[in-house]
Structure formats: structure tokens, C-alpha cells
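The values are calculated or read from the model by the stated rules, or taken from the named source; none is laboratory data. The structure presented is a predicted model; accordingly, all values stated were derived computationally and were not measured. All Cβ positions, even for glycine, are placed from backbone atoms using ideal geometry, and neighbour counts span all protein chains on display. With ligands, DNA and RNA removed, areas are computed over all heavy atoms of the protein, side chains included. Shrake-Rupley method; radii C 1.70, N 1.55, O 1.52, S 1.80 Å.
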Amino acid sequence: MVQAKTWILTKHFDGFPKDSDFELKVEELPAPKDGEVLLEAVFLSVDPYMRPFSRVRMNEGDVMIGTQVAKVIQSNNPAFPVGSHVVGRCGWRSHTVCDGMGLVPIMPEWPQDVSLSLALGAIGMPGLTALYGIEEILGLQKGETLLVNAAAGAVGSMVGQIAKIKGCKVVGSAGTDAKVAFLKELGFDEAFNYKTVGSMEEALKKASPGGYDCFFENVGGLSSSVALQQMKNFGRIAVCGAISTYNDSTPQTGPFPHLTMIFKQLKMEGFMQSRWEHKNPESLKRLMGWLKEGKLQCREHTTKGFEKMPAAFMGILRGENVGKAIVAV
């Protein structure tokens, strides 16, 4: 029998998450049956989506949702041999017994000198989100100007780098001077700290006086309404996240962008990367190729210890991470 540690959502979040919303439990796992495997978490992901998704996809008392890189330590399933690694939506669990459904083996050509944690970041869901938002939603073309907010996060940092690979001008906003410096390291053409600029409108105009062809939206709220006013006619907006609103107990109101969208004839579309899951194998190979060519930098914000999962999660909601936030067991 193996003991598994699990983090339970004891109460749906009301406003910003609190320590009391989580409980660490220990459970005994049965030996894997025929066709099943026993997994041991190596790296776990904490992501902003967990905040809104917990409300609609979880009940109080459930194990917190999430993805992890896990090692197969017992196997009665020939598709997942002992010692192999997989990406699975196992939630906040140290160990999991499952039948293999939904597990994705780490690509066989994964380089030995690349951390498997990147399968939760640049060579995983955030990287795919950036890629599909740029290609499938925005249809970004060489020579266009792209704006991305929350640009130093797991998705935003990938968006900017992929846009540069495609020959575009990239403007990013972030919430600290250190993050702005990071964006410059990544090759962003312009970057600014939205918390310290005197005027968001003036900062956007200064960064790209001619406006923006495309906007990769991660934040929502008032700042995004200001950004829409700087779009070029027929501009395109990919709505990936709205982190500025996730912890609101009372919904934000106005200003409303409808007239701006009408006058500028803007196209705005929300998306989740799972829509193009059938493309993932080829897309992950492309991302890994760019990484090996030195065209992608992948910074990680690593927290050590399974017991620190809630703290790491709350940290990303405060904007403490630069790059992808992961927990190493």
C-alpha cells in the first residue's frame, strides 16, 4: 500500500484564496490492477486557470485540479513501462493510481539536458496556448505589431517570443521593473510596467504610435479596455485569460468596449488550447525545436515541496512568478 498526499478544496474561494480553503490529507492507495499504473508526482503545475475553473468544475471536498509530470513506479499497463514519465491531469496528488486514460507520455526524443518540468510550461500547455492563440486565433503575420499583457508569465513570455520568431514587433506589459527587464532579455521590442506608468494610454501610444494589429489578452478589466482603443482598424484580439477579475467577489463594471469594437471593426475571440489537442504532438515538436535552436528562453519560478502547493498557487495570483510557476516534489 502506498500513501498519497492530496490537497483538498475544503471551501469554494470567496475573493482571494486563503490557507483555510485547503486541507492536506493522506490516503492509502490500492495496488494497481490489470491495466493500471501507479504514478509518483515529480513536478506539479500551478496556473491561474485553477481559480475560475475550481468554481465550475469542482465540488467542495474534491482534490484540487491540476496537471503534473509523474514517474511510473508500478505498471500493469504495457503502454506505460516502469521508469517512464507522463503528463497527467492528476490534480494536487503526490501519488495516483489510474488506468492510463488521459496520460500523455513524454515525447521519446526529449533531450536529456532539458528539465521535464518544461512539459508543464514552454513545451506543454502554456506553450501550446501561446502558439494556438497566435496561429489559430490571431493569424499573426510577419511585420505586424502584437501587444501582450501579463507578458512575463508562463503564457505571455511564450507569446512574445513566438511572435518575434514570426518576424513581428512585440510590446509587452508587466507589473514589476524586474519583469520588464526580463521581457527585454527575451527580445521584446518595447515593454513597460503598467503599475508605474503615468498613463496606460500614453504608454501604449509611445510603444507603438501606429497602434496594434493584434492583442493577446491575459488580464481583462479596465486596462484591457484602454488597450482596445489603441487597436488598428480590423484588429484581432485573442482572449486567453482575465486574471485581474478572478478574485473579485463583486463583478467589475464598465467601461464597455462595444462602440470601440464597432468603429474599429475589431474581431475578438476567446479560446482554450484544448480545441486543437489533435495538433499537440506536432506542435510540441515545433516548440522543442525552437528551444533547441536557442529561439526560446524558458524561465521557471520553482517552489520546492508538495506541502507548499497552496502558497505557490496564491503566489501566481499575486503575480510573484516570472515565467512558469511549478512545484518540485
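Per residue, the average separation of C-alpha pairs within less than 8 Å and at least 6 apart gives the range 125-273 a relative contact order of 23 percent.
For the peptides 194-203, 312-321, the ranking by packing is 312-321, 194-203, with the highest mean count of neighbouring Cβ atoms within 10 Å listed first.
Counting only residues at least eight positions apart within a chain, or on another chain, the aspartates and glutamates with an alpha carbon under 18 Å from that of Lys5 are Asp19, Asp21, Glu23, Glu27, Glu28, Glu40, Glu60, Asp62, Glu307. Dipole orientation for the chain: of the candidates Ile106, Gly124, Val171, Val171 has the Cα lying most toward the positive pole (charges on Cβ; Lys, Arg +1; Asp, Glu -1).
Along the charge dipole of the chain, which of Thr245, Leu147, Trp290 sits closest to the positive end, that is, farthest toward it, with unit charges on the beta carbon of Lys, Arg, Asp and Glu (+1, +1, -1, -1)? Of the options given, the answer is Leu147. Could you name the lysines whose alpha carbon sits less than 28 Å from that of Lys292, not counting residues in the same chain fewer than 8 places away? Cα-Cα hits under 28 Å: Lys71, Lys142, Lys164, Lys166, Lys169, Lys179, Lys184, Lys279, Lys304, Lys324.
When each of the peptides 207-216, 252-261 is scored by how many other beta carbons lie within 10 Å of its residues on average, the order from highest to lowest is 207-216, 252-261.
Taking only C-alpha pairs under 8 Å that are 6+ residues apart, what is the relative contact order of the chain in percent? Reported as a whole number, the value is 17 percent.
Each DSSP beta bridge with both residues in the chain is either parallel or antiparallel, and the antiparallel ones are about 55%.
For Ser274, the solvent-accessible surface with a 1.4 Å probe is about 60 Å², rounded to the nearest 10.
The charge dipole of the range 73-151, taken about its Cα centre with unit charges on the Cβ of Lys, Arg, Asp and Glu (plus for the first two, minus for the last two), comes to roughly 240 debye. Annotation for Glu23 and Met272: the two label points, set 7 Å from Cα along the Cα-Cβ direction, are 2.7 nm apart. With K and R counted +1 and D and E -1, the other residues having a Cβ less than 13 Å from that of Gly323 yield a net charge of -1.
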